[in-house]
1. Setting aside same-chain residues fewer than 8 positions from K480, which lysines have a Cα under 20 Å from its Cα?
2. At a Förster radius of 22 Å, what calculated FRET efficiency corresponds to the Cβ-Cβ distance of A248 and S208, to the nearest 0.05?
3. According to a simple spin-label model (label point 7 Å from Cα along Cα-to-Cβ), what is the distance in nm between Q264 and E455?
4. With a ≥ b ≥ c taken as the square roots of the eigenvalues of the C-alpha gyration tensor of the range 127-528, please select rounded if a/c is under 1.5 and otherwise prolate if a/b is larger than b/c or oblate if it is not?
5. Taking the Cα centre of the range 127-528 as origin and charging only Cβ (+1 Lys, Arg; -1 Asp, Glu), how large is the dipole, in debye to the nearest 20?
6. Which of the peptides 191-201, 502-512 is most tightly packed, and how do the rest follow, judged by the mean count of other Cβ atoms within 10 Å per residue?
7. Using 0.36 nm per residue of separation minus the Cα-Cα distance, give me the extension gain between F102 and E171 in nm, one decimal.
8. In the range 127-528, with Lys and Arg counted as +1 and Asp and Glu as -1 at Cβ, which of these residues, A493, G200, I482, has the Cα nearest the positive end of the dipole, that is, farthest along it?
Amino acid sequence: MGMAWPASLAGILKAYPEMLLATACFILFRRLSRNRRLPVCWPVVGMLPYVVTHVHHLHDWTADVLRESRYSFRFLGPWFADKEVLLTCDPANVNHIFNVNFSNYPKGGDFADIFDVLGNGIFNADAESWRSQRRMAHALVSHARFRVFLARASRDKVRRSLVPLLRLAAERGEVLDLQEVFTRFSFDSSCTLIFGADPGSLSPDFPSSPFAHAIDVAEKVIFIRHVMPKTWWKALRWLKLGHERRFAEAWETIDRCVAKYISQRRELQRSGPTAQMTSAPKGVEGEEGEGLDMLTSYLQQQAGTGTSDVEFDRFLRDTALNLMIAGRDTTSAGLSWFFWLLSTNPEVEAKILEELRDQLPAEYHAGTGGDGLAVFDPVELSKMAYLHAALCEALRLYPPVPFEHKAPLKPEVLPSGAKVYERTRVVVSIYAMGRMEGIWGKDCKEFRPERWISETGKVKHEPSYKFLSFNAGPRTCLGKEIAFTQMKAAAAAIIYNFKVEVVRAHVVAPKLSIILHMENGLKVTVTRRHK
Ligand code: HEM
Ligand SMILES: *[C@@H]1O[C@H](CO)[C@@H](O)[C@H](O)[C@H]1NC(C)=O
């Protein structure tokens, strides 16, 4: 190219920051590839250069790259033989991919490969299989009996497990890992909603649960598969070596645990319709009307389908596991970051406390949970605009699912002008979206629930292609209401009854995972607000 070389190169690099970054990446890659321990071929979502060099601030680095490149960045270079990655956080692209041209962006085969343990469940499914599963799951989560069950189970879990646990920690003055508490809280809550049985992992001695542990292992390995070349992890899977061996073991544990829940429920059903109707799940017995958990609901529907038990059990296993993965760590990560943000923004905590005190019926102030500790009703909590706004704000800054990936079927040009091909993997950084001034304004990095409150004091709606934490379009999260119900029940009871203080010098940082956990947990001490 016969240009005045140095001047035009500087000009090009200035005009196209993405080229500058691509060049930087290229140089980086060349240096890294000399290190024999690193894979030479690129992974499905091409995150390896980030992971290796920016391991301590992966998400922030992604946000920086996207800010510099005006919201879309393509990893170009000779090293992408058959796949390339388009990283984006542009709301116009997001709206196009998740809404306008949804049918051109299935999850694709790579996704199902990486998440193979989820079987044919809703997360892995595309097209007709996805549609019918979505219809069924949607019918369940919007069923009146399921809603009643959810409200009651959330309140009871807070009253019987969460509040007593914190009271004990306050009495003993011990340090508590809130993230661990929330993970156990949402594990028990998810099991209750899905299987109709509470495994009781939130009791004060923190009993170990093989099922919960197996899910942890599976999530970890799924992340490793994202950053390792496909041929490598597939070879390891085939050989059952290293982390893939642990994965296979976790898979077996998961199958065993889910199968046990299913056979128990079938047993109950066989012992007659009356037994089934009155089989109030452990931990939520008594009170207004019987609950409806997922297993009970789906088993009732089996009769009409003429499917064999064996076949239907496989379907139940996939459904149950998918819902478990969908709900457990997302909700607990959301709660953990929320409490960390409160600890650094005491004025927000004060406002939530004020809202709880001002707007709740008098009986709560007397303490309905015994010991002068109050537990709130989800219906009352659903009216609290500021609490809702504060949770949205936490999920905006720390989306529990930080990335999404999609595989276009046909080439086309995105609204940003970026072209995608069949070989392109589109990676959307939800984390970065919350940190762009062009999307959320100059104060985008601040934790400011007020941005969610309208002039009339109601919660402001933000389009999902801007607030992508629950996904957008036809595949929007089906558990949004469930998550808010559980998060509010836990958050309100903790904030109202206890003062939470993060242990001094505790380092909070995101962990590398498919879920935005905290690397070192959230170490806190709690004290009673009033006795
Ligand atoms: C704060 C908590 C939660 C967050 C941030 C969240 C976020 C998300 C996101 C980002 C997706 C899209 C994932 C993808 O397509 O790869 C999703 C899908 C889904 N979520 Fe949630 N979720 C949460 C809680 C829950 C809960 C409690 C449930 C209930 C069981 C649930 C059920 C689902 C289901 C079934 C899907 C699949 C929808 C589909 O593919 O059509 N989620 N969620
Ligand atoms: C959707 O994608 C297809 C390629 O599959 C393309 O031909 C079409 O123009 C796109 N539609 C819109 C509305 O952008």
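Derivation of every value follows stated rules applied to the coordinates shown; laboratory data play no part. As the structure is a computational prediction, the values presented were derived from the model and not from experiment. Cβ atoms come from the backbone with ideal geometry, glycine included; neighbour counts cover every protein chain shown.
1. In chain and number order, the partners are K157, K383, K458, K460, K466, K488.
2. Details: r = 20 Å, r/R0 = 0.92.
With a Förster radius of 22 Å, E is 0.65.
3. If labels sit at E455 and Q264, their model points lie 5.5 nm apart.
4. Rounded, since a/c falls under 1.5.
5. Dipole size: approximately 1340 debye.
6. Sorting 191-201, 502-512 by mean packing, highest first, produces 191-201, 502-512.
7. Length gained between F102 and E171: 19.5 nm.
8. I482
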